[in-house]
Amino acid sequence: MQHISDRIHRLRENENLEEAARAVLKHLGELKRPYLTAVEEKLLRVLELETML
């Protein structure tokens, strides 16, 4: 759970994130379970990859 939270927090610190990306991160951060579904994990990975470019 902490690992997911850390990943989301790092992405939220990016000032260049688009509004849609912020909305996805907000949703992922509000989940009450300690894991991500396969689709949620893919979304998070895509956002991480996009911020590395």
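Bear in mind these aren't lab numbers, they're just calculated from the coordinates by the rules spelled out. Source: prediction; values computed, not measured. Using ideal geometry, Cβ is built from the backbone for each residue, glycine included, and neighbour counts are taken over all protein chains shown.
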When percent of Cα pairs over 15 Å apart is calculated directly from the model, which label among [x] 58; [y] 38; [z] 46 fits? [y]
For Glu48, project a label point 7 Å along Cα to C-beta. Then give me every residue of the stretch 9-28 with its amide nitrogen under 14 Å of that point. 9-12
Quick one: which of 4-11, 37-44 comes out on top by average Cβ neighbours within 10 Å, and what's the full order, highest first? 4-11, 37-44
